[in-house]
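Okay, so here's the structure we're looking at.
Just so you know, all these numbers are worked out from the coordinates, no wet-lab data involved. From a predicted model like this one, the values you see are computed outputs, not experimental measurements. Heads up, the Cβs are rebuilt from the backbone with ideal geometry, glycines too, and the neighbour counts pull from every protein chain shown.
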Amino acid sequence: MNLKIFLTILSTLFYLVCWSQSDSTYSPYELMSSYYNKDFRPFKKKNIYLGFAFSIEDKKMQNTDYLIQKIIDGERLNYNILLKGGYYTGEYGMVGVNINYYQNKFVGAIFREPDTLQSNSFTRGFAITPNFRSSVPLTANERLSFFTEIGFTFGVGNTLTRNTKNLDEVEKSFIKEHNFRIGLSPGITFFAMENFAFEVQLNVLGYELQATEKIVNGENESRVIRQNVDFDIDILSLELGLAYYFGANRR
């Protein structure tokens, strides 16, 4: 299925499900003003949270330098889909789970000294992240809030690469990765209308364990285990998404 069509269908379904749960008794003005001051309680116990985020990168590159190679002419298509769900077990405290699916594809000509290669690479993977979120309202009506999320991620990814040189020399490599990560991710929630919210989230602290196995032309090449502790603000990890809070307009 075409990626754009898939994302359009998924976004439409998300909107229709949330719209069917909305309260139509409020006028547009009330939804933007008094609604939040009277009946709004998004982080109340027993509320249900549903979130959705995705990113897509379609890039064409020419004469682009990397650490060990140079892309002479190539095209990269990456996308990432994230589904979130949660249940408020107490006031301002939620347990949840995130499901992440990603896919990366590259096709092009690269120079890796001393050879020029025709390269095709395809990566696909998924991850599951049980988590706990604690929210702190920044305004009296709770329309704007700050949250911190602690998550435990378990993921698997596969990469298949085919490099061809001199028209007939072909190297096929297969890489399989297993990941485990414990991370702290703060963020901001802003309710734009009724129970719909925009979210911005950033990874700032984490411990990651990664096990990688590489097979080249059908033979075991290497096994590597890496551990990493990071504590920085990486703007590339910034995540934008939409969310809907079921039960937010009930006292």
Theoretical FRET efficiency, 1/(1+(r/R0)^6), r = Cβ-Cβ of ASP115 and ALA211, R0 22 Å, to 0.05: 0.15
What FRET efficiency do you get for GLN62 and LYS172 if R0 is 30 Å and r is their Cβ-Cβ distance, rounded to the nearest 0.05? 0.70
Among ARG41, ARG124, rank each residue by its count of other Cβ atoms within 10 Å, from fewest to most, as a rough exposure measure. ARG124, ARG41
Could you calculate the contour length gain from ARG226 to VAL97, that is, 0.36 nm times the residue separation minus the distance between their Cα atoms, to one decimal place in nm? 43.9 nm
Listed pairs LYS59/LYS84; LYS59/LYS165; LYS60/LYS214; LYS60/LYS165 exceeding 26 Å between Cα atoms: LYS59/LYS84; LYS60/LYS214
Return, ordered by residue number, the residues of the stretch 105-130 whose backbone nitrogen is under 13 Å from a label point located 7 Å along Cα→Cβ of ASN158. 122-126
Which parts of the stretch 128-161 would a label at TYR87 reach, counting a residue when its backbone N lies under 14 Å from a point 7 Å out along Cα-to-Cβ? 131
Using the Karplus curve 6.51 cos²θ - 1.76 cosθ + 1.60 with θ = phi - 60°, work out ³J(HN,Hα) for each residue of the stretch 138-154 in order, rounded to whole Hz, and write x for Gly and Pro. 9, 10, 4, 8, 6, 6, 10, 8, 10, 9, 10, 10, 10, x, 10, 9, 10
